[in-house]
1. Mind counting the residues in region 1-58 that are within 25 Å of the chain's Cα centre (by Cα) and in contact (Cβ under 8 Å) with a residue 40 or more places away in the chain?
2. Is it the case that residue 89 is assigned to a helix (DSSP H, G or I) and either touching a residue at least 24 places away in the same chain (Cβ under 8 Å) or in contact with a Phe, Trp or Tyr (Cβ under 7 Å, 6 or more places away or on another chain) (or both)?
3. How about region 76-103: which of its residues are over 14 Å from residue 12 (Cα atoms), surrounded by 14 or more Cβ atoms within 10 Å (Cβ to Cβ) and at pLDDT below 95?
4. On the given criteria, is residue 100 aliphatic (A, V, I, L, M) and part of a helix (DSSP H, G or I)?
5. Please indicate, with yes or no, whether at least one residue in region 25-44 is aliphatic (A, V, I, L, M), closer than 30 Å to residue 13 by Cα, surrounded by fewer than 17 Cβ atoms within 10 Å (Cβ to Cβ) and in contact with a helix residue (DSSP H, G or I) (Cβ under 6 Å, 6 or more places away or on another chain).
6. Check whether at least one residue in region 21-35 is in a helix (DSSP H, G or I) and under 30 Å from residue 100 (Cβ atoms), and report yes or no.
7. Which one of these does residue 83 not meet: (1) over 22 Å from residue 6 (Cα atoms); (2) within 19 Å of the chain's Cα centre (by Cα)?
8. Residue by residue through region 50-70, note down the ones that are in a helix (DSSP H, G or I) and surrounded by 12 or more Cβ atoms within 10 Å (Cβ to Cβ).
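The values are calculated or read from the model by the stated rules, or taken from the named source; none is laboratory data. Just so it is clear, the structure is predicted and the values come from calculations on it, not from any experiment. Positions of Cβ are generated from backbone atoms using ideal geometry, with glycine treated the same way; all protein chains shown enter the neighbour counts.
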Amino acid sequence: MTDPGMVLRRLEEIDNDLALRQNTYETAARGWITAKRDKEHHRAVEFIKAEGTVAERNAIADRESSMDGKLEEAEYEALKAVVRVLETRASIGQSILRSMSRT
């Protein structure tokens, strides 16, 4: 990319992409936080219901709640990774523009 116009267009594309993903990202984050709280609650309930030593009760509670929220977490983490990549690309584009303005 040697043309500042090309860099600016790419930055605009990244900005638009981030804007389009924002609601989905926020919804996924909210879903993961809710699922995480539900998972913690479920684990606590299973711990209380379980019998045995504390270690045994922890193992049972962990096993019973281990798969809770996995889809919400996966969706959130995937979107977070995409947003992070877009932010990195935008940062690189801004650095390229700054270096072009110096030459």
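1. 13
2. On the way: assigned to a helix (DSSP H, G or I): yes; either touching a residue at least 24 places away in the same chain (Cβ under 8 Å) or in contact with a Phe, Trp or Tyr (Cβ under 7 Å, 6 or more places away or on another chain) (or both): yes.
Considered against the rule, which asks whether it is assigned to a helix (DSSP H, G or I) and either touching a residue at least 24 places away in the same chain (Cβ under 8 Å) or in contact with a Phe, Trp or Tyr (Cβ under 7 Å, 6 or more places away or on another chain) (or both), residue 89 comes out as yes.
3. The answer is 96, and nothing else.
4. It is true that residue 100 is aliphatic (A, V, I, L, M) and part of a helix (DSSP H, G or I).
5. Yes, there is a match, as at least one residue in region 25-44 is aliphatic (A, V, I, L, M), closer than 30 Å to residue 13 by Cα, surrounded by fewer than 17 Cβ atoms within 10 Å (Cβ to Cβ) and in contact with a helix residue (DSSP H, G or I) (Cβ under 6 Å, 6 or more places away or on another chain).
6. Yes; the residues of region 21-35 include at least one that is in a helix (DSSP H, G or I) and under 30 Å from residue 100 (Cβ atoms).
7. (1) is the only condition that residue 83 fails.
8. Across region 50-70, the qualifying residues are 57, 58, 59, 60, 61, 62, 63, 64, 65.
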